[in-house]
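Engineer: Input: one structure, supplied below.
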């Protein structure tokens, strides 16, 4: 039996979805033009008026918004309603520059929580489940979003927030948590911590995990599933559009269904801005179709992915996006070669290493240096120099095959790379420090 939180809309025909989108975009463009002076000015500069938008086919006439626009407009420049109508803010977890602050009316929160509820039900959640939310609470959207979605479904919700792994494990085991929600790196750490305490995967009651907020590979998914004895589901979102729940995986796990009744997705060429056809790899752009507090039109996410409308066995009809294949802004160019952290992680997991690693890029004598620090698993660890050097040489060759360049590999003892209880810090690019001197 297939489960849906809102079956009528989740399984609507393509014609019905398009009709909803066409109606909403006309209203939303008018709403934004009338209420958001910053975007109205962008439209006026481009010579576009609300009456030029008759449906989603006309979205390409509208100007883009970028994170830079959000920083310029901070804090109230993109607010879509009177502040008295807003009941909450959320903010990005970024640590550089001005934060992005998003405003929510109660209607916005209800919509967002419904999207998260769809994700929980797609992962097999019902009102009989115990959902342990280990995403950060407060300004970060992860905790509040999944917390609200869990309430909508009627689950018993454990609002743990991130950190304090001993307490996480105590509550998980004592209260028989069945669904775990956190970043994939923290899920891997919990699995590692359970094993250290002598627990086997079958000792917990978990059946599913809903993981997002940072890039992770298929190899990491399998590793987490094995360590926790669960099925691991991907969830996607960003503060700028609401938070987690913009898209989510179903049991087929061949991409994440975008909640198209609330978000319109495009794929563009990141260099030219040209809209690309379905099936093309490019930058993901989102338009919020009915947000009131922070109604962004054509927001450039920087995430690189592909959209697919291939029929899904779960019965859901909303378009799917692939797991982001990297970000146009976190892609590293090292000695002229494009390198994504996800590529490095894929190689490590394929070669049997843990997902605990760190990339350090620097510059010496006008040449990029490229070092990757990788932990041995306890089973792999050796203190014989010859064994370590042989493994480093093999891993360098595997990296060179994937990337086109070979980093200097440093195999380090287990537990020597700092663990993260939120988003893992994978890349340290010291070149920027030199460039800013």
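The values are calculated or read from the model by the stated rules, or taken from the named source; none is laboratory data. As the structure is a computational prediction, the values presented were derived from the model and not from experiment. Reconstructed Cβ throughout: ideal geometry from the backbone, glycine too, with neighbour counts over all protein chains shown.
Engineer: Tell me which helices (runs of 4 or more DSSP H) are completely within region 36-126 and hold 1 or more residues being over 27 Å from the mean Cα position of the chain (by Cα), modelled with pLDDT of 95 or more and within 20 Å of residue 266 (Cα to Cα), or say none if there are none. Give the derivation first.
Structural biologist: Details: elements: 37-46, 67-73, 106-122.
Filter on region 36-126 gives 37-46.
Engineer: Right, another one. So is residue 2 in a loop (DSSP other than H, G, I, E, B), on the phi < 0 side of the Ramachandran plot and assigned by TED's automatic domain parsing to the domain that holds residue 149 or not? Can you show your working first?
Structural biologist: On the way: in a loop (DSSP other than H, G, I, E, B): yes; on the phi < 0 side of the Ramachandran plot: yes; assigned by TED's automatic domain parsing to the domain that holds residue 149: yes.
Answer is yes for this residue.
Engineer: Consider residue 135 against the criteria (1) surrounded by 22 or more Cβ atoms within 10 Å (Cβ to Cβ); (2) modelled with pLDDT of 95 or more; (3) in a loop (DSSP other than H, G, I, E, B): it satisfies all of them except one. Which criterion is unmet?
Structural biologist: (2)
Engineer: I've got another one for you. So is residue 178 surrounded by fewer than 24 Cβ atoms within 10 Å (Cβ to Cβ), out of contact with any helix residue (DSSP H, G or I) (no Cβ under 8 Å at 6 or more places or on another chain) and touching a residue at least 60 places away in the same chain (Cβ under 8 Å) or not? Quick ask: steps written out before the conclusion?
Structural biologist: Values: surrounded by fewer than 24 Cβ atoms within 10 Å (Cβ to Cβ): yes; out of contact with any helix residue (DSSP H, G or I) (no Cβ under 8 Å at 6 or more places or on another chain): yes; touching a residue at least 60 places away in the same chain (Cβ under 8 Å): no.
Against the criterion (surrounded by fewer than 24 Cβ atoms within 10 Å (Cβ to Cβ), out of contact with any helix residue (DSSP H, G or I) (no Cβ under 8 Å at 6 or more places or on another chain) and touching a residue at least 60 places away in the same chain (Cβ under 8 Å)), residue 178 does not qualify.
Engineer: A follow-up question, please. If you go through region 293-304 one residue at a time, do you hit one that is within 30 Å of residue 2 (Cβ to Cβ) and in contact with a strand residue (DSSP E or B) (Cβ under 6 Å, 6 or more places away or on another chain)? Show your work before the answer.
Structural biologist: Residues of region 293-304 within 30 Å of residue 2 (Cβ to Cβ): 301, 303.
Still in the list and also in contact with a strand residue (DSSP E or B) (Cβ under 6 Å, 6 or more places away or on another chain): 301, 303.
Yes - at least one qualifying residue is present in region 293-304.
Engineer: Pick from 77, 47: which is on the phi > 0 side of the Ramachandran plot and surrounded by fewer than 19 Cβ atoms within 10 Å (Cβ to Cβ)? Give the derivation first.
Structural biologist: Values: 77 fails: on the phi > 0 side of the Ramachandran plot.
Unique residue meeting the criteria: 47.
Engineer: Another question about this same structure. Hey, does region 191-210 have a residue that's touching a residue at least 24 places away in the same chain (Cβ under 8 Å) and within 25 Å of residue 108 (Cα to Cα)?
Structural biologist: yes
Engineer: Identify the single condition in (1) over 24 Å from residue 341 (Cα atoms); (2) surrounded by 21 or more Cβ atoms within 10 Å (Cβ to Cβ) that residue 216 does not satisfy, given that it satisfies every other one.
Structural biologist: (1)
Engineer: Just checking: which of the strands (runs of 3 or more DSSP E) contained wholly in region 324-376 hold 2 or more residues that are surrounded by fewer than 20 Cβ atoms within 10 Å (Cβ to Cβ) and at positive phi? Walk me through it before giving the result.
Structural biologist: Numbers: elements: 332-334, 337-339, 357-364, 367-375.
Fully inside region 324-376 and qualifying: nothing.
Engineer: Residue under question is residue 371, and the condition is that it be modelled with pLDDT of 95 or more, under 18 Å from residue 336 (Cα atoms) and within 29 Å of the chain's Cα centre (by Cα); does it hold? Step through it out loud before you land on a result.
Structural biologist: On the way: modelled with pLDDT of 95 or more: yes; under 18 Å from residue 336 (Cα atoms): yes; within 29 Å of the chain's Cα centre (by Cα): yes.
For residue 371, the condition - modelled with pLDDT of 95 or more, under 18 Å from residue 336 (Cα atoms) and within 29 Å of the chain's Cα centre (by Cα) - is met.
Engineer: I need a count of the residues in region 180-222 that are at pLDDT below 95 and assigned to a loop (DSSP other than H, G, I, E, B).
Structural biologist: Within region 180-222, residues that are at pLDDT below 95 and assigned to a loop (DSSP other than H, G, I, E, B) number 7.
Engineer: Can you tell me which residue among 293, 352, 315, 336 is in the same structural domain as residue 211 (by TED's automatic domain parsing) and out of contact with any helix residue (DSSP H, G or I) (no Cβ under 6 Å at 6 or more places or on another chain)? Reasoning before the result, please.
Structural biologist: Values: 293 fails: out of contact with any helix residue (DSSP H, G or I) (no Cβ under 6 Å at 6 or more places or on another chain); 352 fails: in the same structural domain as residue 211 (by TED's automatic domain parsing); 336 fails: in the same structural domain as residue 211 (by TED's automatic domain parsing).
After ruling out the rest, the residue left standing is 315.
Engineer: Here is a follow-up. Among the residues in region 296-305, are any assigned to a loop (DSSP other than H, G, I, E, B) and more than 19 Å from the chain's Cα centre (by Cα)? Give the steps one after another, and end with the answer.
Structural biologist: Our first condition is that a residue be assigned to a loop (DSSP other than H, G, I, E, B); within region 296-305, this holds for 296-298.
Those left that are additionally more than 19 Å from the chain's Cα centre (by Cα): 297.
Taking every residue of region 296-305 in turn, at least one turns out to be assigned to a loop (DSSP other than H, G, I, E, B) and more than 19 Å from the chain's Cα centre (by Cα).
Engineer: Among the numbered conditions (1) under 17 Å from residue 111 (Cβ atoms); (2) in contact with a helix residue (DSSP H, G or I) (Cβ under 8 Å, 6 or more places away or on another chain), tell me where residue 309 comes up short.
Structural biologist: In the conditions (1) under 17 Å from residue 111 (Cβ atoms); (2) in contact with a helix residue (DSSP H, G or I) (Cβ under 8 Å, 6 or more places away or on another chain), residue 309 misses (1) alone.
Engineer: Considering (1) over 19 Å from residue 261 (Cβ atoms); (2) surrounded by fewer than 16 Cβ atoms within 10 Å (Cβ to Cβ), say which one residue 67 fails and leave the rest.
Structural biologist: The failed condition is (2).
Engineer: If you don't mind, there's one more thing I want to ask. As an exercise: evaluate residue 126 against (1) touching a strand residue (DSSP E or B) at 6+ places or on another chain (Cβ under 8 Å); (2) closer than 14 Å to residue 5 by Cα; (3) surrounded by fewer than 21 Cβ atoms within 10 Å (Cβ to Cβ) and give the number of the one condition it does not meet.
Structural biologist: That leaves (1) as the condition not met.
Engineer: Could you list, in sequence order, all residues of region 9-27 that are touching a residue at least 60 places away in the same chain (Cβ under 8 Å), closer than 23 Å to residue 119 by Cα and assigned to a helix (DSSP H, G or I)?
Structural biologist: Residues satisfying the conditions are 9, 10, 14, 17, 20, 21, 24.
Engineer: Considering region 223-274 alone, what residues qualify as being assigned to a strand (DSSP E or B) and over 29 Å from residue 91 (Cα atoms)?
Structural biologist: Kept after step one, since they are assigned to a strand (DSSP E or B), are these residues of region 223-274: 231-238, 243-249, 256-258, 263-268.
Listed by number, the list holds a single entry, 231.
Engineer: Now a separate question. Of the residues that make up region 9-27, is at least one modelled with pLDDT of 95 or more, in the same structural domain as residue 287 (by TED's automatic domain parsing) and more than 30 Å from residue 314 (Cα to Cα)? Full working, then the answer.
Structural biologist: Looking only at region 9-27, we keep the residues that are modelled with pLDDT of 95 or more, and these are 9-27.
Okay, now just the ones that are also in the same structural domain as residue 287 (by TED's automatic domain parsing), so 9-27.
Right, trim to more than 30 Å from residue 314 (Cα to Cα) and you get 26-27.
Scanning region 9-27, I find at least one residue that is modelled with pLDDT of 95 or more, in the same structural domain as residue 287 (by TED's automatic domain parsing) and more than 30 Å from residue 314 (Cα to Cα), so the answer is yes.
Engineer: How about region 313-323: which of its residues are over 20 Å from residue 237 (Cβ atoms) and outside any loop (DSSP other than H, G, I, E, B)?
Structural biologist: Those that are over 20 Å from residue 237 (Cβ atoms) and outside any loop (DSSP other than H, G, I, E, B): none in region 313-323.
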